[in-house]
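For reference, the structure discussed in these notes is given below.
The values are calculated or read from the model by the stated rules, or taken from the named source; none is laboratory data. Everything numeric here is computed off the predicted structure, so don't read it as measured data. Every residue, glycine among them, receives a Cβ derived from its backbone with ideal geometry; neighbour counts consider all protein chains shown. Calculation scope for accessible area: heavy atoms of the full protein, side chains included, ligands and nucleic acids excluded. Shrake-Rupley method; radii C 1.70, N 1.55, O 1.52, S 1.80 Å.
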Amino acid sequence: MLVAIVLLALEPFFAPYIKIDVTIVSAALLFAIAAMSANLLLGYTGLPPFGNAAFFGLGAYGCGLSLKYLNVHFITATLFGMLAALLGALIVAPFLVRRRGIYFGLLSIAFGQVFYFIAYRFTSVTGGEDGMSVPRPYLVFSSFTLKETAFYYLSLVVFVISLLAFKLIVQSPFGRTLVAIRQNELRVRYLGLDSNRFVFVAILISAGFAGLSGALSAMLNGFIAPLSLDWHQSGDFVLATILGGSGTVWGPLIGSLIYEIGRDIISTITPYWQIFLGALFVACVLGFPRGILGTILARVGAAPLSNEPEEANWTQSPAIAADHRG
Amino acid sequence: MLEHAGPQIFNGLVLGAFYAIVAIGLSLIMNLTGTINMAHGSFMTLAGYLAFTMIARGTNFWFAFVAAPIIAVLVAVIVERTLIRPLYGRDPVYSLLLTFGLSLIAEEVFHVIWGANTLPFAPPASLSGTLALGFMNFPVYRLFIVVVLVLAFAALALFLYYTRFGLRLRAAVQDTEMIAALGTNTQLLYTINFGLGILLAGIAGVLAVGLLGLNPTTGNTLLMPAFVTVIIGGMGSLYGSIVGGILIGLATSLMTLYVPAASEVVIYVLMAIVLTIRPRGLFGEEGLFG
Amino acid sequence: MSGPTFNRRTFVKGAGYGAAALAVGVPAFIPRLGEAADAIKIGVLEPYTGTYAFPGENETIGIQMAIDAWNKRGGVLGRQIEIVKEDEQSKPDVAAQKARKLVNQDKCVALIGTVSSGSSLSVQAASHDMNVLFFASGGHTDDVTGSKCTWNTFRTCHSTWMEAHATAYTLAKQFGKRFYFITPDYAYGHALQTAFDDVIKQIGGTTVGTDLTPLGTTDFSSVLTKVTPAKPDVLVVLVQGDDYTNCMKQADSFGLLKKFPVGGPQVELEPLYGLAPEARTGYWGIEWSYSSDVCLGKGNNAAHQFVKDYFAHYLNTQKKPPTARQCFGYVSMDRMLAGMAAAKTTDSAKVARAIEGEKFQSIFADGGYYRKEDHQLMWPMWVAKIRPNGTPSDPNDLFDVVAKHDAASIEQSVAEKAKICKITYPS
């Protein structure tokens, strides 16, 4: 863990030599936080979250709007963003908890798209497809705007905190229950636990992470546009998670680094970068469904708590299925 | 307001018919193997491009209309054998992600081969023009789409219910293990099923480029409404896809009349409602996806 | 248990970081092609994938042509000019990130490009934050030289306001004052609608119907069936890009194009080539045309030479003549370099001051200047009638130019702009 932090901390100094711009790595770190949010639901709870971009976007717009109209400190603005994401989650979670598997995924797409259309339509609030510009944050005691490197360290710090929080959550009894739900929900219920309530909280936590990522990304890019709420963006988060290894703590980071940095590098070399990205997805799904980290861990024998390629969900117990069917 | 509703209802029905063709293809693929084909739109676009190239080289529309989907099916069979087969039996999320990756590749390949710009594709003269229907003038081409849908569905029904192969297909949807035990080559079955779904996609694709511009992303814009159709109509039911399509078509058209701002988002709202209240859809089967 | 677990964990982590380090190290070996030591680097941000790839490629060609011309004359300040291209994918967040990368990592002294409005605005914000010059060659939203104007950004293509005004007057004169609008239901459409409403008020026209088509509308049938009963004098289509192609195609299938005159604030050759000739009709605002002296200027050698050069070098590969996008790219790059030459530096603030207000002649008629108050290029805009099949000698020549409007008559006055835009330079 320390090695990783040190490596990342020294990145700005490497940057000119390895030609990876600091901004891109910042973006990758923030992307990783959003990927973690997807990981919590997909890798640990077993629910594919294809609507998390909506929470990401709520976080971004919440932060931007509070900076614009309330003139608050950027930390407060970030909290506003997370609050907006949580509120959004509170609205949709009661519906989402009632479904599992691919129904959960599809429902999350539906809700995500509704938020997307709202962001597009309400030009007066969100700026519509022109987007909204978001000022870069000011440091606490001084008044100069955070330059690239400073913002990078900010992202790094936030990322490390998020990672620690994530680790704490998944290794706590709460987190273990989520994994148990994924592996055998019926048994969890038999043990007297209300699995729906756990899923509900998991959705909220996931939204919090996504909102955090959104708020900071908005400040990094200085901009937020409705495209960030589209289900393709949600799909990107899920993809980064799977690429790195869903169900592992470090997986999302690895997946995000590969995705963001890879996309940046390849798109500079060729306009046909999308072919490589698509090929990467295909190769990943076929070749290492456990993700890169997951596959390495499995080979070494230290397979993490929850990371087997999923059996088709229709082997799930009839009782649970009956509950979540129409 | 009500006197305007007539033409809108008619519009909606025709639009719904179109969505239904796409949805049926998706549904076929989903039912048997649980594969969620996010590349369905790419196959549609492929057929459209193939038809365009054929017509540009001098063949007539009808030949292209038949040939392009068939070539698309050939591509599909290769894709199915190499890329999709390993995913059978796994969580549908994987097929979703894999086919999503395929659609990214496809979009760029189209860009490389045919260029980024929209290509001019017009229906043949025999299908152009409008038909005076009393309360409105209606494009002949759209009526053609309805005719194609009816024929396609009739052909599909015939195939499924009156041929031995269709019988096996229906049996496999119900119980794959049993039919494998009885000696059917299930792998072949899956491939043919996929091919059938793509055949419909190809037909829909050629039809689509008569309505819309032909560019690398044409098919993808139709993908989401098609998925919503399958969900609302019910996964596992082909009849449901038709009803679902018509519902969506009507919803979109009527919304344009009364609440235009909502006419595109209404399908997602419907999808959310169906998934919340009755996830298997109107005519779907229980337990298909747990 | 600590022994083996410890080894496994460290191995795993080591492997993970090794992989990451490899991924990080590989790019060092990918050279940036053709980097000359002392060249001036300009960052080009265009979409090379997605819906706007074609206009993006076209703008880049214009930019390249300007650079080639300057380099042949010895470059600027004795240095050659190079461009560094990045694909912004029409995604505002990617555009902002790439903008920062171009400046911080690739050491570009200025930025140029963008097609979509969202990307224009996000690059404007990012470049302003970095105090770097940015020429928004192809994003039309009013805000770039309106409420969001900044000292470092100059906009070449016409604003939405200009587009609407240029066409509205011509359409009213030609066909009458009852308008029916098909408007995209987002920021761009609303802005156009507001601008049109302004003209309609001035000329005493009426809007007999407005249909807002939300994002993602591929099927316009519901909207098109409402047009006939409303009996307008002219159908105004505000949708752009792919939506324009779909709408016109379907309007043709409903027989509307034969029944009603149709027009709109802006059309480009790119989407028109995507329509079959039956659907190519109407009166539209255009921002440049390679074939008409009304656009190029009679006797304007620079303009005619530009078109000739394009035909000589690019027609074989592109297969299509130059569009307004080549013009945007060329003019933007040309004026930026001229500004650097005049200011004798690449310092953004000094170059900006050298550019603003300076009248110049270029590859269009009458010359123009970037207005000091908002950095909008004030140049004429034209209205053209579409020739479905071009001319006998050139089937790609679709624009039959019928009117020219000079900039002052179609853009908001300095006084009106001052209400929303105030340019301040850094001290």
Handout entry: helices (runs of 4 or more DSSP H) contained entirely in the stretch C:207-311, each with at least 1 residues that are away from every other protein chain (no Cβ under 14 Å)
Key = C:293-296
Exercise for the section: Test A:Ile224 against the criterion of being within 12 Å of chain C (Cβ to nearest Cβ), buried (at least 20 other Cβ atoms within 10 Å of the Cβ) and within 17 Å of the chain's Cα centre (by Cα), and give yes or no. Expected result: yes
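When you go through B:Thr130, B:Thr163, B:Thr184 one by one, which is the residue that is without any contact (Cβ under 8 Å) to a residue 24 or more places away in the chain, crowded, with 17+ Cβ neighbours inside 10 Å and more than 14 Å from chain C (Cβ to nearest Cβ)?
Going through B:Thr130, B:Thr163, B:Thr184 in turn, just one is without any contact (Cβ under 8 Å) to a residue 24 or more places away in the chain, crowded, with 17+ Cβ neighbours inside 10 Å and more than 14 Å from chain C (Cβ to nearest Cβ): B:Thr184.
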Exercise for the section: May I ask you to list the residues in the stretch C:177-201 that are more than 14 Å from chain A (Cβ to nearest Cβ) and either open to solvent by less than 20 Å² (accessible area, probe 1.4 Å) or in a helix (DSSP H, G or I) (or both)? Expected result: C:Phe179, C:Tyr180, C:Phe181, C:Ile182, C:Ala195, C:Phe196, C:Asp197, C:Asp198, C:Val199, C:Ile200, C:Lys201
Practice task
Out of the residues in the stretch C:147-171 that are buried (at least 21 other Cβ atoms within 10 Å of the Cβ) and of a type in the set (Gly, Ala, Ser), state the one that is farthest from the chain's Cα centre (by Cα).
Solution key: C:Ala168
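Out of all the residues in the stretch B:134-150, is one or more within 14 Å of chain C (Cβ to nearest Cβ), in a helix (DSSP H, G or I) and among the charged types (D, E, K, R)?
Checked the stretch B:134-150: at least one residue is within 14 Å of chain C (Cβ to nearest Cβ), in a helix (DSSP H, G or I) and among the charged types (D, E, K, R).
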Handout entry: Tally of residues being at negative phi, free of Cβ contacts under 8 Å to residues at least 12 places away in the same chain and either buried (at least 21 other Cβ atoms within 10 Å of the Cβ) or not in a helix (DSSP H, G or I) (or both) across the stretch A:69-99
Key = 1
Practice task
With respect to B:Phe43, determine if the residue is more than 14 Å from every other protein chain (Cβ to nearest Cβ), under 26 Å from B:Gly249 (Cβ atoms) and open to solvent by 10 Å² or more (accessible area, probe 1.4 Å).
Solution key: yes
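Residue by residue, here is whether (1) open to solvent by 10 Å² or more (accessible area, probe 1.4 Å); (2) at negative phi; (3) touching a His at 6+ places or on another chain (Cβ under 9 Å) holds:
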| residue | (1), (2), (3) |
| --- | --- |
| A:Asn184 | yes, yes, no |
| A:Arg187 | yes, yes, no |
| A:Leu216 | no, yes, no |
| A:Met219 | no, yes, no |
| A:Gly235 | no, yes, no |
| A:Val238 | no, yes, no |
| A:Gly245 | no, no, no |
| A:Thr248 | no, yes, no |
| A:Gly251 | no, yes, no |
Handout entry: the stretch C:64-87 residues that are open to solvent by 40 Å² or more (accessible area, probe 1.4 Å), paired with ones that are part of a strand (DSSP E or B) and among the acidic types (Asp, Glu) (beta carbon under 8 Å, 6 or more apart)
Key = C:Lys85/C:Glu46
Practice task
Could you tell me which residue of the stretch A:114-132 is surrounded by the fewest Cβ atoms within 10 Å (Cβ to Cβ), considering only residues that are among the β-branched types (Val, Ile, Thr) and over 20 Å from A:Gly51 (Cβ atoms)?
Solution key: A:Val125
Handout entry: Residue, surrounded by the most Cβ atoms within 10 Å (Cβ to Cβ), within the stretch B:106-120, restricted to residues that are at the interface with chain C (Cβ under 7 Å from one of its Cβ atoms) and under 24 Å from B:Ile21 (Cα atoms)
Key = B:Thr118
Problem - Residue check for C:Trp151: more than 9 Å from chain A (Cβ to nearest Cβ) and assigned to a loop (DSSP other than H, G, I, E, B) - result: yes
Fill in the blank from the handout: When restricted to C:Ala354, C:Ala324, the only residue of a type in the set (A, V, I, L, M, F, W, C) and surrounded by fewer than 20 Cβ atoms within 10 Å (Cβ to Cβ) is C:Ala354
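Would you call C:Cys149 closer than 30 Å to C:Asp233 by Cα and not basic (Lys, Arg)?
Against the criterion (closer than 30 Å to C:Asp233 by Cα and not basic (Lys, Arg)), C:Cys149 does not qualify.
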Handout entry: Verdict on A:Phe95 being over 26 Å from A:Leu257 (Cα atoms), within 21 Å of the chain's Cα centre (by Cα) and within 14 Å of chain C (Cβ to nearest Cβ)
Key = no
Handout entry: Among the residues listed as B:Thr130, B:Thr82, B:Thr118, the single one being under 30 Å from A:Ile242 (Cα atoms) and among the hydroxyl-bearing types (Ser, Thr, Tyr)
Key = B:Thr82
Exercise for the section: Select from the stretch B:252-263 the residues that are assigned to a helix (DSSP H, G or I) and of a type outside the set (A, V, I, L, M, F, W, C) and write down the one among them that is surrounded by the most Cβ atoms within 10 Å (Cβ to Cβ). Expected result: B:Thr256
Fill in the blank from the handout: Expected output for the stretch C:93-106 (first residue modelled with pLDDT of 90 or more, partner hydrophobic (A, V, I, L, M, F, W, C) and open to solvent by 20 Å² or more (accessible area, probe 1.4 Å), Cβ below 8 Å, 6+ apart or cross-chain) is C:Ala96/C:Ala125; C:Ala99/C:Met130; C:Arg100/C:Met130; C:Val103/C:Met130
Practice task
Could you tell me whether the stretch B:222-238 includes any residue that is under 18 Å from B:Ala17 (Cβ atoms), more than 7 Å from every other protein chain (Cβ to nearest Cβ), in contact with a Leu (Cβ under 8 Å, 6 or more places away or on another chain) and open to solvent by 20 Å² or more (accessible area, probe 1.4 Å)?
Solution key: yes
Exercise for the section: Would you mind listing the helices (runs of 4 or more DSSP H) fully within the stretch A:229-292 where at least 2 residues are under 24 Å from B:Tyr88 (Cβ atoms)? Expected result: A:231-244, A:273-287
Exercise for the section: Take the residues in the stretch B:197-211 that are open to solvent by less than 10 Å² (accessible area, probe 1.4 Å) and not small (Gly, Ala, Ser), then tell me which one is farthest from the other protein chains (Cβ to nearest Cβ). Expected result: B:Ile198
Problem - Those residues of the stretch A:185-221 which are within 13 Å of another protein chain (Cβ to nearest Cβ) and farther than 17 Å from A:Phe237 by Cβ, in sequence order - result: A:Glu185, A:Leu186, A:Met219
